[in-house]
1. Answer yes if at least one residue in region 34-44 is part of a loop (DSSP other than H, G, I, E, B), out of contact with any Cys (no Cβ under 6 Å at 6 or more places or on another chain) and at pLDDT below 95, and no otherwise.
2. Quick check on region 25-33. Is at least one of its residues loosely packed, with under 15 Cβ neighbours inside 10 Å, within 10 Å of the chain's Cα centre (by Cα) and either modelled with pLDDT under 95 or of a type in the set (Asp, Glu) (or both)?
3. What is the residue count in region 1-50 for residues that are within 20 Å of Phe63 (Cβ to Cβ) and among the charged types (D, E, K, R)?
4. Condition (residue is at positive phi and either out of contact with any Cys (no Cβ under 6 Å at 6 or more places or on another chain) or part of a loop (DSSP other than H, G, I, E, B) (or both)) applied to region 61-68: is it met by at least one residue?
5. Taking Leu24 as meeting all but one of (1) touching a Cys at 6+ places or on another chain (Cβ under 6 Å); (2) touching a residue at least 40 places away in the same chain (Cβ under 8 Å), write down the number of the exception.
6. Given the conditions (1) touching a residue at least 40 places away in the same chain (Cβ under 8 Å); (2) under 19 Å from Met1 (Cα atoms); (3) aromatic (Phe, Trp, Tyr), report the number of the one that Trp59 does not fulfil.
7. Filter region 45-58 for residues that are of a type in the set (A, V, I, L, M, F, W, C) and either surrounded by fewer than 13 Cβ atoms within 10 Å (Cβ to Cβ) or at pLDDT below 85 (or both) and give the result.
8. Can you pull out every residue in region 34-44 that is surrounded by fewer than 17 Cβ atoms within 10 Å (Cβ to Cβ) and within 9 Å of the chain's Cα centre (by Cα)?
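The values are calculated or read from the model by the stated rules, or taken from the named source; none is laboratory data. Predicted model only: the values in this text are computed from it and were never measured. All Cβ positions, glycine included, derive from the backbone under ideal geometry; neighbour counts span all protein chains shown.
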Amino acid sequence: MRQVLDLFAEGRNQYKLMEFDAALSCFEKALELKPDDGPSRVYAERCRIYVDHPPAEDWDGVFVMTTK
């Protein structure tokens with residue numbers, strides 16, 4: 001579990017820095033260790049979105065849902 005937490009923390013750091021590929025890698029590694037880790041799954045999905053559609057340079061870290 002400690003490894004999963006460390007990977008998640010590093011993923012969050014990369015996410016905040018807008019390094020979405022690096023963040024995604026961390027979240028995916030966490031999911032390999034614990035496939036049912038909900039937070040890592042959510043952030044991995046968000047990273048995939050941001051890799052394809054990066055947020056603005058002044059992004060404040062908030063994920064805005066555009067669909068239900």
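1. Here is the first cut: in region 34-44, the residues part of a loop (DSSP other than H, G, I, E, B) are 34-37.
Keeping just the survivors that are out of contact with any Cys (no Cβ under 6 Å at 6 or more places or on another chain) gives 34-37.
Subsequent filtering for residues that are at pLDDT below 95 retains none.
Within region 34-44 (the criterion being part of a loop (DSSP other than H, G, I, E, B), out of contact with any Cys (no Cβ under 6 Å at 6 or more places or on another chain) and at pLDDT below 95), the answer is no, since none of the residues qualifies.
2. Taking region 25-33 and keeping what is loosely packed, with under 15 Cβ neighbours inside 10 Å, we get 32-33.
Next, from what is left, pick out any that are within 10 Å of the chain's Cα centre (by Cα): none.
The answer is no; no qualifying residue exists.
3. Our first condition is that a residue be within 20 Å of Phe63 (Cβ to Cβ); within region 1-50, this holds for 7-28, 30-31, 37-50.
Of the ones still in play, those that are also among the charged types (D, E, K, R) are 10, 12, 16, 19, 21, 28, 37, 41, 45-46, 48.
Count: 11.
4. In the first step, residues of region 61-68 are kept if they are at positive phi; the result is 61.
From what is left, the residues that are either out of contact with any Cys (no Cβ under 6 Å at 6 or more places or on another chain) or part of a loop (DSSP other than H, G, I, E, B) (or both) are 61.
Yes, region 61-68 contains a residue that is at positive phi and either out of contact with any Cys (no Cβ under 6 Å at 6 or more places or on another chain) or part of a loop (DSSP other than H, G, I, E, B) (or both).
5. Leu24 satisfies every listed condition except (2).
6. Only one criterion in (1) touching a residue at least 40 places away in the same chain (Cβ under 8 Å); (2) under 19 Å from Met1 (Cα atoms); (3) aromatic (Phe, Trp, Tyr) is unmet by Trp59, namely (2).
7. Of the residues in region 45-58, the ones of a type in the set (A, V, I, L, M, F, W, C) are 47, 49, 51, 56.
Correct list: Val51, Ala56.
8. Pro39, Arg41, Val42
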